[in-house]
Amino acid sequence: MKLYLKVWRQEHRDSKGGMISYEVDGISEHMSFLEMLDLLNERLIQKGERVIEFDHDCREGICGACGMMINGRAHGPLTGTTTCQLHMRSFNDGETVYIEPFRATAFPVLRDLKIDRSAFDHIIQSGGYISASTGQAPESNSIPIAHEVTEAAFDAAACIGCGACVATCKNSSAALFTSAKISHLVLLPQGKLESADRVVSMVNQMDTEGFGHCSNTEACEVECPQEISVLHIGRMNYEYNKALALRK
Amino acid sequence: MKQTTLTYKLVMALTGLFLCFFLVIHLLGNLQLLLPESGAREQFNWYSHLLSGNILIKIISYVLYLSLIGHAIYALVINRKNTKANGEKYVYDKRSQVSSWNSRNMGILGTIILIFLIIHFKDYWYVYKFGHLPLDAKGNKDLYSIVISSFQQGWYIIIYELSFIALGFHLLHGFFSASRTLGLYHPKYSSLVRVFGWIYSLAITLGFMLIPIYIYFNLNVL
């Protein structure tokens, strides 16, 4: 199949970017979206042009490295999918496809489709851990946890930090990302102990990074490759309000 | 305590919920307009007088004004921060496919409601408080006549009905959104609140929409 691409090209962080058109034919419908970009890049190399830069790593939907706006949607037209797990059978022959980087002030574009997601790392560094001493792994049955609780914590921990929630949010809010980590840790006995300090410092950091307010449009849950529930945002708000009321 | 995105939303939620509560009282009071004209005039005027004279109601009315102003100002501040957080716009944007229209346009809906409120306050609140109204048989200011006569004009009713529709969509998202901001995360009660929000929004919207139409078609003889 043949596609008409319009791709965001930007030299570096401070330069002005723009949409450049490419025609790509010989695309197999079994290719992933990233493989289609590989195909285009190989042809660009043969022509001596600079390749389109984009982030990718595992290409099996579990690392969170890839991510771009495809036809105006985070990770493309499907819900609950990473860009690498989007295949060309989701597009029609002759279609025009717009490809842009995820946009938010907190996610500056580094080059083309590559963005700097360090803001997420800073949020995790501000409280997304427990301050227990490391060392030998303790006996796993010494702290009893109900199966449902571990599953619920794991559902929150499944976030891969791709940034689609921010990209699809009309306010560029990082509420889903931040709340998933808060929920994950507060559900478990090891994490519960520091929950008040954690939620306050993570929310403060989220603001410092320049993310917006959550308007509860719930678009993030739809686009999240891990289908992280927006109820975690409710949980973050609950933990935050509790900390506001009770923290000394 | 530092002001954060979450404390800003808390203010929006609390003022919004207070306004939601006020709407119930306001609607219940206004339903007196649906009574037959003979009894309604004196009862409605008596009710209006009761509200304007009571010290408790006075305190609540100041909370109401503060809530309205606070809700609007915080909305502006939040909107500014969000615009800043968004940065460069998408060239091709289809994000609207994954969320509801009203949840994305609370600002527009709120602005419509604010413009409506300015008209509403000017025509009734201001006239009642500062204007010279004729008195009814019991000596209360005759607000009833003002209300009935204003709803004889078709264009006036259209302004009201359109504003109520905007209000309905605003409530539909606002009520549930406030519950989440306050921290309701239990899946069972979260969906219960959503259902309750639907019933609440429908009841308020249809209730308010009914009154001008009823007056127009049934109470045209003064």
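Shape descriptor for chain B: Rg over Rh equals 1.02 (Cα atoms; Rh from the Kirkwood inverse mean 1/r). When the GluC sites (Glu not before Pro) in the range A:1-92 are filtered for DSSP coil states and for at most 15 other beta-carbon atoms within 10 Å of their beta-carbon, the remaining sites are A:11, A:29, A:49, A:53, A:60. Where does helix B:106-120 land angle-wise versus the long Cα axis of chain B, in degrees 0 to 90, nearest 10? Helix B:106-120 sits roughly 20 degrees off the main axis of chain B. Per-residue mean of foreign Cβ neighbours for A:164-176 is 4 (Cβ atoms of other chains, 10 Å radius).
Where does the range A:3-111 land on Rg/Rh, using Cα atoms and the Kirkwood Rh?
Values: Rg = 13.4 Å, Rh = 14.3 Å.
Taking Rg over the Kirkwood Rh, I get 0.93.
Spatial offset of the range A:178-241 relative to the range A:22-64 amounts to 34 Å, using the alpha carbon center of each. Compute a Gaussian network model of chain B, connecting alpha carbons closer than 10 Å, and tell me which residue from B:134, B:36, B:187 fluctuates the most. Per the Cα network of chain B with a 10 Å cutoff, B:187 tops the list. Cross-link reach is defined here as a Cα-Cα straight distance under 19 Å, omitting same-chain residues fewer than 8 places apart; for residue A:114 the lysines meeting it are A:6, A:16, B:89. Taking all pairs of distinct Cα atoms, average 1/r, flip it, and tell me the Kirkwood hydrodynamic radius of the protein assembly as shown in Å to one decimal place. With all distinct Cα pairs of the protein assembly as shown included, I get 25.4 Å.
With the Cα gyration tensor of the range B:15-120 giving a ≥ b ≥ c as the square roots of its eigenvalues, does the rule (a/c under 1.5 for rounded; else a/b larger than b/c for prolate; else oblate) give rounded, prolate or oblate? It is prolate, given that a/c is not under 1.5 and a/b is the larger ratio.
Taking chain A as a Gaussian network, Cα atoms linked when under 10 Å apart, which of A:167, A:119, A:132 shows the biggest mean-square fluctuation? Top of the fluctuation ranking is A:132. Based on the Stokes-Einstein relation at 4 °C and a viscosity of 1.567 mPa s, and on the Kirkwood radius from alpha carbon pairs, chain A is assigned a translational diffusion coefficient of 67 µm²/s.
Taking 17 Å as the straight-line reach from the Cα of residue B:122, the aspartates and glutamates in range (excluding those fewer than 8 positions away in the same chain) are B:142. Averaged over peptide B:93-106, the number of partner chain Cβ atoms lying within 10 Å of each residue's Cβ comes to 6. Could you give the angle, 0 to 90 degrees to the nearest 10, between helix A:231-246's Cα long axis and the longest principal axis of the Cα atoms of chain A? Value to nearest ten degrees: 40. Neighbouring Cβ atoms from other chains, within 10 Å of the Cβ of residues in A:228-238, number 5 on average. Against the main long axis of the alpha-carbon atoms of chain B, helix B:187-218 sits at an angle near 30°. Springs between Cα atoms under 10 Å define the GNM used for chain B, and in it the highest mean-square fluctuation of B:188, B:89, B:138 occurs at B:89.
Only the coordinates and a few stated rules stand behind these numbers; no lab work does. Everything quoted here is computed from the prediction, not taken from an experiment. Note that each Cβ is placed from the backbone with ideal geometry, even for glycine, and that neighbours are counted across all protein chains shown.
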